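The values are calculated or read from the model by the stated rules, or taken from the named source; none is laboratory data. Since the model is a prediction, treat every value here as computed from it, not as a measurement. With ideal geometry, Cβ positions are generated from the backbone for all residues, glycine too; neighbour counts draw on all protein chains shown.
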There are 2 protein chains.
Amino acid sequence: MGITERKQREKQEMRQRILNGARKVFLQNGYEQTSMRNIANEISYSAGVIYFHFKDKGEIFQELHKEGFSLLLRQLRVLDSVIDPFERLKASGRAFIQFAQENKDYYNLMFLVEEPLKNTEESGFQIAKEAIKYLHDLVLACQQAGRFKDMDPEYLTFMILSATHGICALFCKDRTMSFEHKTNKELMENGYASFVTLLEKG
Amino acid sequence: MGITERKQREKQEMRQRILNGARKVFLQNGYEQTSMRNIANEISYSAGVIYFHFKDKGEIFQELHKEGFSLLLRQLRVLDSVIDPFERLKASGRAFIQFAQENKDYYNLMFLVEEPLKNTEESGFQIAKEAIKYLHDLVLACQQAGRFKDMDPEYLTFMILSATHGICALFCKDRTMSFEHKTNKELMENGYASFVTLLEKG
DNA sequence: CAAATGTATTGAACAGTGTTCAATAAAACA
DNA sequence: TGTTTTATTGAACACTGTTCAATACATTTG
């Protein structure tokens, strides 16, 4: 039965086509400003057809959300070659910030968009947990190497994520203009360096 | 000429009435989900009249944005009685986080809503700078007391804000569920405590 | 081949959004 | 009184996410 197989493939291709259109429009205009009609227009289909392939706008969100985390993880895994866990931790933060700078819209989607983010066992939520686990393992490795003694690894992980995320969040929501005479790049990189200075004393 | 005076007062009252309605609906449904018709309905007026008293939805946003910072600053100034600058700095962070917990919607408005935030000399943007200055002065006082030697105060200020904001941002956008078996309150307070541990070594 | 079935796509419709504006009501001034 | 300002309305416009009857197409069946 090669036909139903091809049918399935074609359906998958259509899903991908919609997703490609959605990604493109979304990377141009931001998630909130992207309408179903924009997406449909981008791929020269009617808006209605999207609802044959996706439940709603939320499902497209979930898919792109997952993509973003997949991209981030890929970027982080490059650092697996760095052997020393603390060096890898510090580099991960820098890579994280760089990711936010270069993929502002993905970052918004992943961490800053208002959306239920249905925790449906699987779904994009799972890959987010994977990214957290990456950081958590790194923290544990640092502790095994003698760093961060007497600190709870869970809260430490959350704190490191928060500090790094905070830098990116202020940037992504344009709340950095209170710090004048400094470019965003300077602010983010030196701000993070400042955090690293503290980490090194821990 | 008492009439034009009264007229002005009445106009101001109407502005306030709209703002009150906007605040109420917004605190219930969140900023994005609040429509001009919702606001108008709340105060039993037609939607059109809002545009006689405000330029657009953005101006209402600005006004509530300003309110939020005013509320935050009032809460921070309670800590002026704490003499030791480092103790005050630590307490400020706790107060900041508490503010986010108790005023999630204001917090979203102030730091997480997508909105141009026109930097029009005056406007709510000015009071945001005031809040940053509060933190910056605190950092400088800590340095004069011998803390954070050889660290750039600008970047340090930005970093401390980022770390604290990061905690609140993850909470306000419901991105804390990757850390299971911990309540939001636990996570935020112990996460911050973890940051303070680092600060104490700086 | 033709008819019937199932699948994919359309375009109109619905209720909602922010915003504008002619008409109108109300108040202040002459 | 009539005239001019000021405040308010409600309809309209172009948009939004979403649903759904109608339709075109592809495949299977008679």
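Remark: pairs (first residue in segment B:148-168, closer than 15 Å to A:Ile97 by Cβ; second residue in a helix (DSSP H, G or I) and among the aromatic types (Phe, Trp, Tyr); Cβ separation under 6 Å; 6+ apart in sequence or on different chains) = B:Met159/A:Phe195; B:Ala163/B:Phe195.
What's the number of the only condition in (1) at pLDDT 95 or above; (2) among the hydroxyl-bearing types (Ser, Thr, Tyr); (3) surrounded by 13 or more Cβ atoms within 10 Å (Cβ to Cβ) that B:Tyr31 fails to meet? So the condition that B:Tyr31 fails would be (1).
Scanning segment A:34-64 for residues that are assigned to a loop (DSSP other than H, G, I, E, B) and farther than 25 Å from A:Ala128 by Cα yields a count of 5. Quick one: in segment A:1-28, of everything that is aliphatic (A, V, I, L, M) and within 12 Å of DNA strand C (Cβ to nearest atom), which residue is modelled with the lowest pLDDT? Per the stated criteria, the residue is A:Ile3. State which residue pairs qualify: first residue over 14 Å from B:Arg15 (Cα atoms) and touching a residue at least 12 places away in the same chain (Cβ under 8 Å) and inside segment B:30-57, second residue polar (S, T, N, Q) and more than 6 Å from DNA strand C (Cβ to nearest atom) in any location, beta carbons under 8 Å apart, and separation of 6 or more residues or different chains. Pairs that qualify, where the first residue is over 14 Å from B:Arg15 (Cα atoms) and touching a residue at least 12 places away in the same chain (Cβ under 8 Å) and the partner is polar (S, T, N, Q) and more than 6 Å from DNA strand C (Cβ to nearest atom), are B:Gly30/B:Asn108; B:Tyr31/B:Asn108; B:Asn38/B:Asn29.
Scanning segment B:81-103 for residues that are part of a loop (DSSP other than H, G, I, E, B) and under 16 Å from B:Cys168 (Cα atoms) returns a single hit, B:Asn103. Apart from one condition, A:Tyr31 fits all of (1) within 16 Å of DNA strand C (Cβ to nearest atom); (2) not in a helix (DSSP H, G or I); (3) not β-branched (Val, Ile, Thr); the exception is (1). Would you say B:Gly191 is under 16 Å from A:Gly191 (Cα atoms) and not acidic (Asp, Glu)? So B:Gly191 fails the test.
Note on segment A:30-58: residues that are more than 8 Å from DNA strand D (Cβ to nearest atom) and among the charged types (D, E, K, R) amount to 2.
Residues of segment B:152-202 that are in a helix (DSSP H, G or I), at the interface with another protein chain (Cβ under 7 Å from one of its Cβ atoms) and surrounded by fewer than 16 Cβ atoms within 10 Å (Cβ to Cβ): B:Lys201 alone. Here segment B:59-83 is the region considered, the condition is being surrounded by fewer than 18 Cβ atoms within 10 Å (Cβ to Cβ) and over 12 Å from the mean Cα position of the chain (by Cα), and the residue that is farthest from DNA strand D (Cβ to nearest atom) is B:Ile83.
For A:Ala100, state whether it is at pLDDT 90 or above, buried (at least 16 other Cβ atoms within 10 Å of the Cβ), among the hydrophobic types (A, V, I, L, M, F, W, C) and within 14 Å of the chain's Cα centre (by Cα). Spelling it out, A:Ala100 is indeed at pLDDT 90 or above, buried (at least 16 other Cβ atoms within 10 Å of the Cβ), among the hydrophobic types (A, V, I, L, M, F, W, C) and within 14 Å of the chain's Cα centre (by Cα).
Here is a yes/no grid of residues against (1) among the acidic types (Asp, Glu); (2) assigned by TED's automatic domain parsing to the domain that holds A:Gln126:
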{"position": "A:Val25", "(1), (2)": "no, no"}
{"position": "A:Asn41", "(1), (2)": "no, no"}
{"position": "A:Gly48", "(1), (2)": "no, no"}
{"position": "A:Leu79", "(1), (2)": "no, yes"}
{"position": "A:Phe86", "(1), (2)": "no, yes"}
{"position": "A:Lys90", "(1), (2)": "no, yes"}
{"position": "A:Gly93", "(1), (2)": "no, yes"}
{"position": "A:Phe96", "(1), (2)": "no, yes"}
{"position": "A:Glu102", "(1), (2)": "yes, yes"}
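For A:Glu114, the criteria (1) acidic (Asp, Glu); (2) in a loop (DSSP other than H, G, I, E, B); (3) at pLDDT 95 or above hold in every case but one, which is (3).
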